[in-house]
1. State the number of residues belonging to the range 156-177 that are part of a loop (DSSP other than H, G, I, E, B) and either on the phi > 0 side of the Ramachandran plot or over 18 Å from the mean Cα position of the chain (by Cα) (or both).
2. Here's a check for you: in the range 162-185, which residue that is polar (S, T, N, Q) and crowded, with 24+ Cβ neighbours inside 10 Å is farthest from PRO427 (Cα to Cα)?
3. Which residue is nearest to LEU145 (Cα to Cα), if the candidates are limited to the range 178-192 and must be of a type outside the set (A, V, I, L, M, F, W, C) and over 15 Å from the mean Cα position of the chain (by Cα)?
4. List the number of the failed condition for GLN10; all other conditions in (1) more than 24 Å from the chain's Cα centre (by Cα); (2) assigned to a strand (DSSP E or B); (3) modelled with pLDDT of 90 or more hold.
5. Is it the case that the range 333-341 has a residue that's basic (Lys, Arg), assigned to a helix (DSSP H, G or I) and within 27 Å of ALA53 (Cβ to Cβ)?
6. In this structure, is SER124 of a type in the set (Gly, Ala, Ser), surrounded by fewer than 19 Cβ atoms within 10 Å (Cβ to Cβ) and in contact with a helix residue (DSSP H, G or I) (Cβ under 9 Å, 6 or more places away or on another chain)?
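The values are calculated or read from the model by the stated rules, or taken from the named source; none is laboratory data. Predicted model only: the values in this text are computed from it and were never measured. Counting neighbours? That spans all protein chains shown, and the Cβs are built from the backbone with ideal geometry, glycine included.
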Amino acid sequence: MLSILGPRQQQCDGSRRQFLKIGGLAMGGLSLPQILRAESLSAEARKPLKHKAIIMIFLSGGPSHQDMYDLKMQAPKEIRGEFKPISTNVTGIQICEHMPRLAKMMDKFAIIRSLYGSPDQHASDICMSGWPIGAGERQSGHPSLGSALSKLQGPVDRAVPPFVGLSIKSRHDPYSNPGFPGFLGRAHAPFQPTGEGMDNMRLQGVSLERLGDRKVLLDGFDAFRQAADAAYDGVDAFKQRAFNVLTSSKMIEAMDLDKEDPALRDRYGRGAASPAFGEDAGPHWMDQFLMARRLVEAGVRCVTLSFGSWDRHGANFSRLPVQLGKLDQGITALVQDLYDRGLQDDVSVIAWGEFGRTPRINKSAGRDHWPQASCALLAGGGMRMGQVIGSTNRLGEVPKDRPVHYQNVFATLYRQLGINTLTTTIPDHAGRPTYLLDIREPIDELL
């Protein structure tokens, strides 16, 4: 945890030290000059990025495709469930009534209804890499998309890691995987603001009072860098990246959500870092969507996060309206913000889970695991939006038209990031050239 200590202050609840926690992501206590907020709204901030980026949203637990984007109103009651479809602003496309914001912006999104290729594994591996757990290894030993980007394209800026993972820690550890580096090794692991790369690293001699002036702030970081230079060359690549972040204001500024207009923050929503519904899964933390946008603007190539608790073996129809509403708010605010800032061709967004849910509703008013069919929601990246790709059969059991494998989606995302999966290889542990995917054809409808 990175903390910047300040002097003791007498509080109404007793004497304590003020502190700034980067690990908490909220940057509590840090108030940078108002000019920085103006800068974030300036024309300069609205210019297209100099790099391509992706925001990957893992819906931990497996979202119910037939209760979100693929409602089966002609199916028997025990299949179709309680939710009703609503029309969107794209003729012929209907989605769940609990996602009205998305319905009004469907022209900026694309839905895949015929996704397949995941085993029955409660893990983010398939959604972060295109590879399931296999042969006793996470992601079958392969790198996640963010790690591959780190290896193939490197950092945009030395002070900004190319890959950042915002996923919270969960008791079921496979939910918290922000994207493993696989055979690429630790140097290409995601930078996690609450992870070990920041542990026990403190900026000495920088008080909260001095943080009020941006020039003094930068001077303080420069002094710390000079003091750290002697040790810098002796640490491994993972810690070197931590030093780069610690000695630059770019990441601090990117993670300071107080720089944003309060009205924009309200559009995203706030939420909390605690697991949704108190269950062992992702949080309903809309701040992560805004944080992700700020990070890619700062130079991060890939940001991953987890959102919500979708393993609805029970209480499916009482809890999903709450959860769908929060996802609806957060992801539409993110995508609209990208368009408002002219970043819709530079930043790809994907939201999906590890599998779908059973067509038949169980005795607990829930749906169980169903890897035979799933769904995905995409936006941005210069892809063709305002469409639905594929379909499932009458009961939502299996893909019917245009089956799309998880790796087809990854091939498309890599392509929009400037990487041709048909030709690109990375050396594995033994130095053998290894393709990023087994299924390397992108989805033509999105190109």
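1. Residues of the range 156-177 that are part of a loop (DSSP other than H, G, I, E, B), as a first pass: 156, 158-159, 161-162, 166-172, 177.
Retained after the next criterion (residues that are either on the phi > 0 side of the Ramachandran plot or over 18 Å from the mean Cα position of the chain (by Cα) (or both)): 156, 158-159, 171-172.
Qualifying residue count, the range 156-177: 5.
2. Within the range 162-185, the subset polar (S, T, N, Q) is 167, 170, 176-177.
From what is left, the residues that are crowded, with 24+ Cβ neighbours inside 10 Å are 167, 177.
Details: SER167: 28, ASN177: 23 Å.
That would be SER167.
3. Initial filter on the range 178-192 (of a type outside the set (A, V, I, L, M, F, W, C)): 178-179, 181-182, 185-186, 188, 190, 192.
If we keep only those that are over 15 Å from the mean Cα position of the chain (by Cα) as well, we get 181-182, 185-186, 188.
Numbers: PRO181: 9, GLY182: 11, GLY185: 14, ARG186: 14, HIS188: 10 Å.
Checked the range 178-192; the qualifying residue nearest to LEU145 (Cα to Cα) is PRO181.
4. (3) is the only condition that GLN10 fails.
5. Going residue by residue through the range 333-341, those that are basic (Lys, Arg) are 341.
Filter once more, so that each one left must be assigned to a helix (DSSP H, G or I): none.
Scanning the range 333-341 turns up no residue that is basic (Lys, Arg), assigned to a helix (DSSP H, G or I) and within 27 Å of ALA53 (Cβ to Cβ).
6. Numbers: of a type in the set (Gly, Ala, Ser): yes; surrounded by fewer than 19 Cβ atoms within 10 Å (Cβ to Cβ): no; in contact with a helix residue (DSSP H, G or I) (Cβ under 9 Å, 6 or more places away or on another chain): yes.
Spelling it out, it is not the case that SER124 is of a type in the set (Gly, Ala, Ser), surrounded by fewer than 19 Cβ atoms within 10 Å (Cβ to Cβ) and in contact with a helix residue (DSSP H, G or I) (Cβ under 9 Å, 6 or more places away or on another chain).
Quick grid of which residues meet (1) modelled with pLDDT of 95 or more; (2) under 15 Å from the mean Cα position of the chain (by Cα); (3) buried (at least 24 other Cβ atoms within 10 Å of the Cβ):
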| site | (1), (2), (3) |
| --- | --- |
| PRO321 | yes, no, no |
| ASP337 | yes, no, no |
| VAL347 | yes, yes, yes |
| PRO359 | yes, no, yes |
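Conditions tested, residue by residue: (1) out of contact with any helix residue (DSSP H, G or I) (no Cβ under 8 Å at 6 or more places or on another chain); (2) among the hydroxyl-bearing types (Ser, Thr, Tyr); (3) at pLDDT 95 or above.
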residue: LEU395; (1), (2), (3): no, no, yes
residue: LYS400; (1), (2), (3): yes, no, yes
residue: ASN408; (1), (2), (3): yes, no, yes
residue: THR423; (1), (2), (3): yes, yes, yes
residue: GLY431; (1), (2), (3): yes, no, no
residue: THR434; (1), (2), (3): no, yes, yes
residue: ASP438; (1), (2), (3): no, no, yes
residue: ILE443; (1), (2), (3): no, no, yes
